[in-house]
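The numbers here are math on the coordinates, done by the rules we state, and not lab data. All values reported here derive from a predicted model rather than from experimental measurement. So basically every Cβ, Gly included, is an ideal-geometry build from the backbone, and we count neighbours across all protein chains shown.
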Amino acid sequence: MYRVEVKDWDAIVEGAQSPITPTPMPLRGREMEEKALKEAARLGASYAEIRVEERWGDALEVKDGELEKAVHGRERGGSVRVLADGRWGFASTNRLENGLVGAVETAIKLARSSASAPGDTVEVDERNPAVGKIIWKVEKSPHDTSVEEKHRLLVEINRAVMEKEHIQSVTTSYTDGTRSVRILSSNGAEAYSEETRTVVQGVLVARDGSDILGYRFRIGGTRGFEIFDKEDPVEKGIEAAEAVVRILGAPPCPAGKFPVITDPDLAGVFVHEALGHAVEGDTIAAGGSVLSGKLGERLAPENVSVYDDPTHKGAFGSYPFDQEATPTRKKTIIERGVLTEYLLDRESSLRLGLEPNGSARAEDYSSAPQSRMSNTYIGQGDMSFEDMVSGIKLGIYAKGTRGGQVDPAKGTFQFGAQEAFLIEKGEVTKTLRDMSLSGNILDTLKSIDAVGNDLRLGDPGFCGKGGQLVPVGDGGPHIRIHMATVGGRG
Amino acid sequence: MLDQVLPLEELKAMACRAVEIATKKGADQAEAFVSMDASLSCGLEKDAIKGVGTSVSMGMGIRVIKDRRLGFSYATEESSLPETAEQAIKLARLSPPGDLEFPGDHTPPVVERIFDPQILNTTPSTLVEWVKDMLAVVKGHEELVALEGGVGCGLDRFAVATSNGMDLGAEGTDSGGGMYTMFQDLAPSTGFHFAESRMADIDLLGTAEKASKMALDSRNPSTVEPGLMPVVFMPHAFSSMMEFILAPAFYGDKVKRGESVYSGREGMEVASPELDVFDDALLPDGLNSAPIDDEGVPSKKVPIIENGIFFNPLYDRSSGLEHGAETTGNGIRCLRWSSSRSFKSPPGVKARNLVMGSGLTMPLDELLKEVKKGILVHDILGAHTANPASGDFSVNSSVVFKIERGEITGPGKQVMLSGNLPDALRELIGTGERPLNVSGGLSPVSFRLPSIALDKIVVT
């Protein structure tokens, strides 16, 4: 059994008070969860997991200097997941006036309705349930920051960006939120956690005659308002404005096969799409990934190591417990080129004969956990950016992410860059636009031929899978892929 | 299960109570949106039914006008309505003053085929039986695995009330099924198909069969010779291109602020003269059809591109007011990157059901004859990475078929497709018959799309 730091309950809840929420979140015991758990046992569930979640926070959007929307909200909901007769039953609701006993009855009924269905029965690995409380305190709680200050921050970014030539419009948004979750399960878990995220993002549109282009930037983490002391959003906005104007009027990126260098942001998205999704336990256990059955095999050169770390302090994709109340830890997916670990939940780990490693995440109480990434990054290498470039006669340097997508069963992926440059005779020369890269997971990992000495956890992102969106952080150093398929219009 | 959703009259009464509370708290005008929905689904993974799940969600959003300024707040519990109203009033002080007023009552239009009482009677065991039947279809092909799939159904109701007397509501049902297949021997060819409807009329067995056939047909692909060529986009491939590239370019505030490729192009030819694009919120069986939008405005059919001419951008009430135009009934509440309606957001502009058609509609085999030489694609990876401001895209497709001499001649290996989507619409070759319902991936925008053939796409 695992135990984490337990803090004084009352003191913590009072600390969640905020000026915009005059009443603190109600102090709530765990009677509802306990009652539900007992009912599940009484009705014959072989496993039960009760989650109750509360969220509260602000969201603001400023467009071209004017407030478009300001939202304050809070919500509470819960879910019950049970195994009965070897099948899952799941019921979620945000009508908690009468507790969760009704949801337990429903979940059990649902599980039993599929008992006669074909296929092996479902079981979970019940080892290592988390017991304890983790509250991630932030230095400057966004709930103690006035909504005027949040508004002012966005207006300031807007103003600085609008001053730049060719900027047609700028939309900035700010979101903060605290999520508290309590999970009780039949295997003895009793985990309570609170995590706070703060994020600012901007979308710029630049225009020169009929030439029009968009660009985005984002700062965020499991931090409070102090995140803006570390990274200045106004500066980030100005950098984005300068970048978009640089790209405006640039020729399109050529299409074809080229050596490609990606910056840390894009290296992160690359490893997220090309590797991370394909090592998610549920996909692996279903045989739906080209990396199923490949543990211990060499996937990449010696200088490539890849990690997924939900414990990284302050990173956007970090979380205190997973949503099956398994303690979290840093996972080494690839160690010196060899596939060493999958991202596992309690069901997939058992099916694969491995141990759960705290990778079960759910967007919120209304959805059942899936195996997911947290902060995924390529480890530090030893090559300087200059040395990486000097080896290329004709290639592409791609920077900044537009996101990506993968089909793990086929092993194909795609991702887009915000900005690209031509590399000619060992030097970065002109700016290009509209670059994206696609390839086959296994081939592309093998063709990473240089890893930089400049590791950075890239900008925060959201990752979608099966209709659920979770916050993630990706990163890495600069990396070089010696041959990749580049899509462009040139 | 779906019977947990409260009757519409109760949601309307709650919305009226919320309006009353907000007015009492000091709002000059108030609007309340109360929604409740429930869903039931059964999923399978690797030939096995995993279980059944259900979800019920209710919430309320209050929008107020105080000193001509707008404020918004939401909650999930009726007991917190007074505090929610106070928050909305407090937040209003940050907004710039405006002229928006909340409208009064009216009689909304009637929309056909968006509510099927039969769906309300769906039991968990029925869903399980349907999934078993779909699985049996896939297993009829020994070499295939049903990798993922399932069926689901849902009911949603919402009410909108204002302090100026609006007291409206709407309800709808939906059902859907999908299947994703691959080979037992892990050959890297897959097949998929989805069917979505508002009625209990989806062809689940056909869906399983189409997904199976696609995998079987795409086995042993050969390399596609790169070049500039015509591409036939099947509905599920084109919907994501429309969702992320075209739909945002149709929104009035973007058009008027110079952020859209269609800015300054109203009344001008922007696409092939044979092409029509409508946003039809009254479309019978449309996935996003309803008598009213999420701010109570009557739904409409809006011509966006007609005979290739950019006709009409889409507006909600706020953006319409700002740019001197009438709302087109496109006020939708949703969170960023989310495909469902949400009480957690005030209304913003979003397309409802984008419908595409052309004067060059023909059966698929004739369309292939027109294409002569090119490719047909069933899926698109990465449309959300396109640049929505410029319309430039560079995406991947991995379910590809080669077209030679006007016929499908075999599967092709994955390709990248690049181009500029608005420009590509000028190169229309034609559209297929029998358009399909397709829902958006990361937004609540829905589609009714045929296959569409566009010339001069860069294929790598």
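Taking every Cα-Cα distance in chain A and sorting them into 10 Å bins from zero, the calculated P(r) comes out as 4, 19, 27, 25, 17, 7, 1, 0 percent. Taking every alpha-carbon pair under 8 Å whose residues sit at least 6 apart, chain A reaches a relative contact order of 15 percent.
As a proxy for reagent exposure, ranking B:Trp337, A:Trp88, A:Trp136 by other Cβ atoms within 10 Å from fewest up yields B:Trp337, A:Trp136, A:Trp88.
Across the range B:227-459, the convex hull enclosing all Cα atoms gives 103 Å³ per residue.
Scaling against 2.2 N^0.38 Å puts the C-alpha radius of gyration of the range A:179-297 at 1.56. By the count of other C-beta atoms within 10 Å, a proxy for reagent exposure, A:Asp434, B:Asp316 are ordered fewest to most as B:Asp316, A:Asp434.
Here the Kirkwood formula, the inverse mean of 1/r across different C-alpha pairs, assigns the range B:62-206 a hydrodynamic radius of 19.5 Å.
Straight-line cross-link partners of B:Lys139 among the lysines, defined as a Cα under 16 Å from its Cα and at least 8 positions apart when in the same chain: B:Lys46, B:Lys210, B:Lys213.
Taking 19 Å as the limit for the C-alpha separation, the pairs A:Lys69/A:Lys150; A:Lys38/A:Lys109; A:Lys69/A:Lys164 exceed it in the case of A:Lys69/A:Lys164. In the protein assembly as shown, the ratio of gyration radius to Kirkwood radius, Rg to Rh, stands at 0.93 when only Cα atoms are counted. From least to most packed, judged by other beta carbons within 10 angstrom and beginning with the fewest, A:Ser46, B:Ser212 follow the order A:Ser46, B:Ser212. Close Lys pairs in the range B:332-460 (alpha-carbon distance under 19 Å; sequence gap of 8 or more, or different chains): 9.
Net charge in the neighbourhood of A:Ser46 (other residues with Cβ under 11 Å of its Cβ; Lys, Arg +1, Asp, Glu -1) is -2. The relative contact order of the range B:2-217 comes to 23 percent, based on Cα pairs under 8 Å that sit 6 or more residues apart.
Positive end of the dipole of the range A:256-487 (Cβ unit charges, origin at the Cα centre): among A:Gly379, A:Gly466, A:Leu442, the Cα lying farthest that way belongs to A:Leu442. With the helix formula -39500 (n - 2.57) applied to DSSP H stretches of n ≥ 4, chain A reaches a computed 222 nm mean residue ellipticity of -5500 deg cm²/dmol. For B:Lys90, a cut-off of 12 angstrom between C-alpha atoms picks up these aspartates and glutamates, skipping any fewer than 8 places away in its own chain: A:Glu148, B:Asp67. Seen from all directions on average, chain B presents a Cα convex hull projection of 21.2 nm². When only Cα pairs below 8 angstrom with a gap of at least 6 residues are kept, the range A:309-467 shows a relative contact order of 18 percent.
Summarised in one figure, the compactness ratio Rg/Rh of the range A:256-487, Cα atoms and Kirkwood Rh, is 0.97.
Cross-link check: pairs A:Lys137/B:Lys50; A:Lys430/A:Lys465; A:Lys35/A:Lys331; A:Lys331/A:Lys446; A:Lys236/A:Lys425; A:Lys35/A:Lys137 evaluated at a Cα-Cα cut-off of 28 Å; pairs beyond the cut-off: A:Lys137/B:Lys50; A:Lys430/A:Lys465; A:Lys35/A:Lys331; A:Lys236/A:Lys425; A:Lys35/A:Lys137.
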